Amino acid sequence: MYDPHMNMTFKQYLSKYGDSLASEKLSINPRSAAAYRRGERMPRSKDIPKLIERSKGELCFSSFFIGDDA
């Protein structure tokens, strides 16, 4: 489950699983996952709660708002 001391950024999550697997886990398009990982786009604010839920605790709100290498 979520550990506030081990928080990973959204980009780190995408890099950890790769675009294909991360897109399956998060129910997003693989092309969107790649764009998010490269920093070309970010998810809409209204979609973030769904992504957090689908990550099964690996992501939290701050994962989307903290620096790339936090």
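Quick rundown of the values:
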quantity: Residue count, segment 17-45 (criterion: closer than 16 Å to residue 60 by Cα and charged (D, E, K, R)); calculated: 2
quantity: Tabulated pairs, segment 7-36, first more than 18 Å from residue 53 (Cβ to Cβ), second part of a helix (DSSP H, G or I) and hydroxyl-bearing (Ser, Thr, Tyr), C-beta under 6 angstrom, 6+ apart or interchain; calculated: 30/20; 30/23
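All of the numbers you see were taken from the coordinates with simple rules; none came from a lab. No experiment lies behind these values; they were computed from the predicted model shown. Cβ atoms come from the backbone with ideal geometry, glycine included; neighbour counts cover every protein chain shown.
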